[in-house]
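First up is the structure itself, then whatever we jot down about it.
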Amino acid sequence: MTTPPGITTGGFAGYPFPPDVQAQVINLLVGGAPFAASLTRQPTGRSSIAWPTAKPTGFAWLDELQPFPVVDLADDAYVVAIAKIGGIVDVSNESVSDTSINLTNSLSLVLRDSLSRDLDLGILNGTGPPEPVGVIGVAPAALGANLLAQVTAAKGSIGDAGGTPDTLAISATALADEDAKTGTTGDLIYDDGFAAAMGLTPVVVPALATPLVYDASRCYLAVRNDAMVEMSRDWHFDRDATSMRIKARVTAAIPDPGKAIRKLSVTTQARSGGKAA
């Protein structure tokens with residue numbers, strides 16, 4: 001995959017930003033949100049997006065010349081509304097005017113600590129308009145005495161439903177604690193880390209209280225194609241700053257939660273085994 005060029009001061013010549021620069025800024029917004037970035041991106045031009053669902057029943061084994069049964073599709077549609085997120089961030093005029101500076105790193109840090117964080121919080125915990133409907137609220141629970149048991153239960157239930165669990169979203173503290181667990185001899189229980197031992201890709205989400213196991217191919221981040229980045233050198237003239245207004249319409253969508261995702265509980269966890277290092 002070719003790495004896109006970084007955002008440079010040349011991108012600030014137009015108003016609003018040229019389309020390629022707008023796309024890069026929106027990618028920085030999503031990329032700085034660990035959970036959002038782990039989902040399958042689904043572009044859309046609509047204010048809501050729908051996935052057809054069906055659970056057909058009535059198929060049968062047939063003798064020769066036996067009539068085929070009529071199959072009940074049990075079809076429906078899963079519809080989610082796109083929610084708008086936006087904000088204004090400032091970039092110093094010194095950095096904008098200095099042609100030797102690539103702004104990608106600076107913007108990444110600014111967005112990661114502000115809009116990107118709010119993006120993740122919204123799609124994880126949102127309560128509905130104007131926020132998205134949070135995925136934690138719709139995810140079935142996986143039960144177990146500790147994190148190991150819960151992840152095992154989550155993988156099993158997703159797999160039995162027809163999904164392929166491949167990702168673990170978890171806070172840095174919870175993952176570090178699990179990675180550091182040792183057995184009775186003092187050796188680490190998980191030589192390559194807990195997530196790797198469970199066959200999952202870890203996605204570290206700051207301060208995530210409810211870990212999630214999911215099939216990333218069945219969990220979508222819907223992004224409307226009218227995201228926009230605009231700038232003003234006047235609004236914060238007194239701060240000698242260029243102000244960037246970033247606007248995007250996004251939401252998380254999980255058409256079939258049973259096959260896609262499970263939420264875990266870390267509030268009453270016992271140790272998975274052994275003792276803490």
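Summary of values
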| item | result |
| --- | --- |
| Projected label distance in nm at Glu230 and Ser92, using a 7 Å step from Cα toward the beta-carbon | 2.8 |
| Full-stretch length increase - Ala145, Phe59 - with 0.36 nm per residue and alpha-carbon distance subtracted | 27.0 nm |
| Pair Ser47, Asp113: separation of 7 Å Cα→Cβ label points (nm) | 3.7 |
| Asp191 paired with Gln66, simple spin-label distance in nm, labels 7 Å along Cα-to-beta-carbon | 5.3 |
| Rounded to the nearest 20 debye, dipole of the range 141-255 from Cβ charges on Lys, Arg, Asp, Glu | 520 |
| Theoretical FRET efficiency, 1/(1+(r/R0)^6), r = Cβ-Cβ of Thr127 and Phe237, R0 35 Å, to 0.05 | 0.40 |
| For q = 0.19 Å⁻¹, Debye-computed log10 I/I(0) when each Cα of the range 189-247 counts as one equal scatterer | -0.85 |
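Every number in this text was worked out from the coordinates using simple rules, so none of it is lab data. Since the structure is predicted, the reported quantities are computational estimates derived from the model, not experimental observations. All Cβ positions, glycine included, derive from the backbone under ideal geometry; neighbour counts span all protein chains shown.
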